[in-house]
Amino acid sequence: MARPLPITGRTPRRDYERRIAPRSLLRIFWQKQLHLLARSCIHPGLRLALYRAMGIAIGKHVFVGMDTWLDCQFPELIRIEDDVTISFRVTVVVHDDARHMDRATPGAGDGTVAPVVLRRGCYLGAGCLVLPGVTVGERAVVGAGAVVTRDVPPGKLVVGVPARVVKDVD
């Protein structure tokens with residue numbers, strides 16, 4: 001798991017796909033097939049093995065619930081450290097396809113990519129959404145259904161849309 005992330009911040013998607021981490025259509029197809037299998041896999045150990053085969057860096061003693069959507073377009077941008085629990089139907093996204101933040105303009109591929117890091121011992125509640133560029137701190141808890149748009153400090157509980165810190169984790 002010591003493999004460094006290919007980028008550390010928000011990067012134009014086209015740059016990332018063409019210059020930083022180019023990949024073949026066959027590789028993308030393979031990642032998506034592994035993802036389909038992992039999301040519906042009943043055995044949690046096999047589920048983790050499939051996510052690792054996709055390219056996600058996963059530490060020890062990690063649990064990923066069923067029907068969890070870990071970005072299959074750029075899985076190498078997801079880092080899950082030791083002792084992390086990801087409940088069912090969580091979504092972790094490392095790319096967006098928005099061309100402009102102030103208006104809607106068609107044009108897939110003009111968005112950005114940014115890594116997501118889940119630090120040691122954090123917990124993601126059922127159905128939460130973690131957006132590109134977010135780091136969830138050590139022992140932090142993300143409440144069910146929360147939309148995490150910015151970093152979560154270590155040892156804090158966040159809830160809501162968008163997620164806000166409500167208290168320290170005991």
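The values are calculated or read from the model by the stated rules, or taken from the named source; none is laboratory data. This one's a predicted model, so the numbers in the text were calculated from it and none came from an experiment. Neighbour counts run over all protein chains shown; Cβ positions are idealised from the backbone, glycine included. With ligands, DNA and RNA removed, areas are computed over all heavy atoms of the protein, side chains included. Shrake-Rupley method; radii C 1.70, N 1.55, O 1.52, S 1.80 Å.
Of note:
- When Ile28, Ile42, Ile86 are compared by accessible area at a 1.4 angstrom probe, the order from most to least is Ile42, Ile28, Ile86.
- Residue ranking by accessible heavy-atom surface, 1.4 Å probe, largest first, among Tyr51, Tyr123 comes out as Tyr123, Tyr51.
- For Trp69, the solvent-accessible surface computed with a 1.4 Å probe is close to 100 Å², ligands and nucleic acids excluded.
- Share of pairwise Cα separations in the chain, more than 20 Å, in percent: 50
- When the surface is traced with a 1.4 Å probe over the full set of protein chains, Val116 keeps roughly 0 Å² accessible.
- Local net charge near Met66, Cβ-Cβ under 15 Å (Lys/Arg +1, Asp/Glu -1): +2
- Each Lys and Arg Cβ is given +1 and each Asp and Glu Cβ -1; about its Cα centre, region 5-106 then shows a dipole of about 340 debye.
- Each Lys and Arg contributes +1 and each Asp and Glu -1, all at the Cβ; summed about the Cα centre of the chain, the dipole is approximately 300 debye.
- Shown is the FRET efficiency for Leu26 and Ala53, computed with R0 = 22 Å from the Cβ-Cβ distance and rounded to the nearest 0.05: 0.95.
- Take every Cα pair under 8 Å whose residues are at least 6 apart in sequence, average their separation, divide by the length of the chain, and the relative contact order is 17 percent.
- Bridge type composition, the chain - antiparallel percent by DSSP, nearest 5: 25
- Segments 16-26, 155-165 sorted - mean Cβ within 10 Å per residue, highest first: 155-165, 16-26
- For Gly133, the shell of other residues with beta-carbons less than 9 Å away shows a net charge of +1, using +1 for Lys and Arg and -1 for Asp and Glu.
- Gain on full stretching of the segment that runs from Arg3 to Thr91 - 0.36 nm per residue minus C-alpha separation: 29.4 nm
- Within region 41-85, the trypsin sites (Lys or Arg not before Pro) that combine a DSSP coil assignment with at most 16 other C-beta atoms in a 10 angstrom radius are Lys60.
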